[in-house]
1. Projected onto the charge dipole of segment 48-148 (+1 at Lys/Arg Cβ, -1 at Asp/Glu Cβ, origin at the Cα centre), which of F118, A102, P69 gives the Cα projection farthest towards the positive end?
2. Using the basic label-point model (7 angstrom from Cα toward the beta carbon), what is the V59 to I161 distance in nanometres?
3. Among 92-102, 119-129, how do they line up by average Cβ neighbours within 10 Å per residue, starting with the highest?
4. Need one number: % antiparallel among DSSP beta bridges in segment 1-149, to the nearest 5.
5. Can you give the FRET efficiency for E109 and K52, using 1/(1 + (r/R0)^6), R0 = 35 Å, r = Cβ-Cβ distance, to the nearest 0.05?
6. Considering only protein heavy atoms, with the full assembly of protein chains and a 1.4 angstrom probe, order L70, L24, L143, L45 by accessible area, largest first.
7. Need one word for segment 3-123: rounded, prolate or oblate. Basis is the Cα gyration tensor (sqrt eigenvalues a ≥ b ≥ c); a/c below 1.5 gives rounded, then a/b vs b/c decides.
8. How far, in nm, would the chain grow between K71 and T21 when pulled straight, counting 0.36 nm per residue and subtracting the alpha carbon separation?
Amino acid sequence: MTRFSEYQVIGRRLPTATDPTPKLYRMRIFAPSEIVAKSRFWYFLRQLKKAKAATGEIVAVNKIAEKRPLKVKNFGVWLRYDSHTGTHNMYREMRELSRAAAIDRLYQEMGSKHRARFRSIQVIRMVEIEKTTDVKRAYIKQLLEKDLRFPLPHRIAKTRITFTATRPQTF
């Protein structure tokens, strides 16, 4: 079970006399709950367009389910994050069962390797990598070999003991 779910949030500015049918904006947002998804929607829309929650409305919020949750997939994620030194763009590859699980792993890795918090990470784009030739990162390529095996070295075979030092209990 992942901490994040994928939501589709559709919103717009409130209708006015000059603009009775404002333009709709749709975003796919990864968040732990519907409330956080709405909040992130307004955060991104405020950055991209001149709109905010006080002068706008949410038209719809839908939770997006994974089509094939039992198939292992490769994902490419473009993101932007704020570090101690500045803002950086990054491309990462994940191998997970679902998009939400891949984003969960992304936030865990970014927190551990780059000390980036949830509030400082912005997922720009996420795609499922269909062809194995499109995989760029070596840590994912090594898992795509045809006869991949995980040998268990230094296994000690258990031997059956013929004689024991304790007497059998027969009562």
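The values are calculated or read from the model by the stated rules, or taken from the named source; none is laboratory data. Here the structure is a predicted model, which is why all the values come from computation and not from measurement. Neighbour counts run over all protein chains shown; Cβ positions are idealised from the backbone, glycine included. The protein model used for the area step is the full one, side chains on, heavy atoms only, and it has no ligands, DNA or RNA in it. Shrake-Rupley method; radii C 1.70, N 1.55, O 1.52, S 1.80 Å.
1. My answer, from the dipole projection, is F118.
2. Those two pseudo-labels are separated by 7.4 nm.
3. 92-102, 119-129
4. Around 100 percent of the beta bridges assigned by DSSP in segment 1-149 are antiparallel ones.
5. Here the calculated transfer efficiency is 0.65.
6. L70, L24, L143, L45
7. oblate
8. Computed gain between K71 and T21 is 13.8 nm.
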